[in-house]
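So the structure is just underneath, and the comments pick up after that.
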Amino acid sequence: MKVCVSRLLSAVASAAVLVLAAPFALEPAHAADQQHVSAKAVKPLKAAQEAMQKEDWDTALAKTLEAKSTAGITPYDEYQINEFLSFIYLKKNDYANAAPAYDAILASGFLPADQMEERLRVAATLNFQLKNYPKAVEYSKRWLETSGGSKPEPYMLLGQSYYVQNDYANAVKQFEAGIDLTRKAGKQVPEQYLQLALSSYAEMDDNAGIKKTLEELLRTYPTPKYWDQMFTMLQNRRDSDDRTTMNLYRLMFDVGQLKRPDDYVELAQYTYDAGVPGESVKVLHKAFDQKLITGKDEQRTRQFMADAEKSAQNDQKSLPTLEKEAVAAKTGDADAALGIAYLSYDQYDKAVEALQRGIQKGGLKRPEEAQLMLGRALLKLNRKDDAVKAFGAIPKDSKLAEVANLWAIYAQNGAGTPAA
């Protein structure tokens, strides 16, 4: 990932003002005074300064090089000449010559302490731009030290310098430090920082790091691309049971990231087998509306949908009776099943009422799933804060905790009534 050239020039803007504005002592330096330009260098440097003020960079460069070639110039003259050269070469977009000028400035011993951080920042950025990555690492570390480790930018440039050298372990340490500092400052972490961390974790096959960073991206930049990456990773895991997979597919359906025809059919089969034919019908209708199921699978899937529709009709007719039985039951399983059925028929208020009643009664075979469906029903009513609380009530050691956390992220990111 390359550093933007316009940002590079912006980085030296303040240094350029200092160069142009600082007057030179025209009198010869005294023996004990090393902070004045010598008489030999004054004339060409003054001419160079005047040319810079007119933005006549060719003349400014010629006069500065004239001063550089003058015999008997002092170490301080050389320092000031390199200050001029660094600025002129940057203005001419000649980074290859600007970099050695910065090397000389930083090694001179004359640079004021209050300008050190700025010069190190530019030197690190220049060397990164020139693909001199080891030197970019060196200057980034010095920049980091000089800044006291209080700014994210040197961490990020140091991380990038490691990253392009395939040192992903060191890269991700720097990215995480920069991200942490940004968060502690109460600022939104730039997407680029998170992308770099994500890429580093991916290069190391660190699934925990990938998941953590994707969650952060989804909280801050909830785009379909990141949802797709998250779901792809979770689908490729082999430690999920059928109920967990079903609820992952439910989330994908709500978020609009259920894409493959087989995923629709699989979710429909899962929900049908779980006794929720109304949800199966809804899922299959959406697949056919999007013309996802065609060819040899179409006839078989349409027959499945017809069977599900018949079951759903019978299911809906039985709801009043089921509700009476559920209300009278001492434990909450019947209420939970009723609530999930109401949810599948878009009767969200009734779904919330039945699920809350079932959870309150207790004695549930699948309390986490009831809690998850309660959050889903609340979200469909646009009661986002209540939905987040419902998702958060699922124990962290539950198999559904991961899906619940993602549903909470979806709710927190301003999801309206999901299209499901």
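The values are calculated or read from the model by the stated rules, or taken from the named source; none is laboratory data. Worth saying up front: this structure is predicted, and the values here are computed from it rather than measured. Glycine also receives a Cβ, built like all others from the backbone with ideal geometry; neighbour counts cover every protein chain displayed.
What the table below lists for this structure:
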{"quantity": "Selection within the stretch 176-194 - crowded, with 18+ Cβ neighbours inside 10 Å and more than 17 Å from Thr125 (Cβ to Cβ)", "calculated": "Glu176, Ala177, Ile179, Leu181, Thr182, Val189, Leu194"}
{"quantity": "Qualifying residue in the stretch 210-227 (condition: among the acidic types (Asp, Glu), closer than 22 Å to Ala99 by Cβ and part of a helix (DSSP H, G or I))", "calculated": "no"}
{"quantity": "Criterion violated by Asp346 - all others in (1) more than 23 Å from Asp289 (Cα to Cα); (2) out of contact with any Pro (no Cβ under 9 Å at 6 or more places or on another chain) satisfied", "calculated": "(1)"}
{"quantity": "The listed residue being out of contact with any strand residue (DSSP E or B) (no Cβ under 7 Å at 6 or more places or on another chain), surrounded by 22 or more Cβ atoms within 10 Å (Cβ to Cβ), modelled with pLDDT of 95 or more and closer than 29 Å to Glu176 by Cβ, out of Leu106, Leu130, Leu144", "calculated": "Leu144"}
{"quantity": "Residues that are more than 19 Å from Ser280 (Cα to Cα), in contact with a helix residue (DSSP H, G or I) (Cβ under 9 Å, 6 or more places away or on another chain) and modelled with pLDDT of 90 or more, drawn from the stretch 229-249", "calculated": "Gln229, Met230, Phe231, Met233, Leu234"}
{"quantity": "Subset of the stretch 149-196 [more than 19 Å from Tyr133 (Cα to Cα) and hydroxyl-bearing (Ser, Thr, Tyr)]", "calculated": "Ser150, Thr182"}
{"quantity": "Qualifying residues in the stretch 16-63 (those that are surrounded by 13 or more Cβ atoms within 10 Å (Cβ to Cβ) and of a type in the set (S, T, N, Q)) - the one modelled with the highest pLDDT", "calculated": "Thr59"}
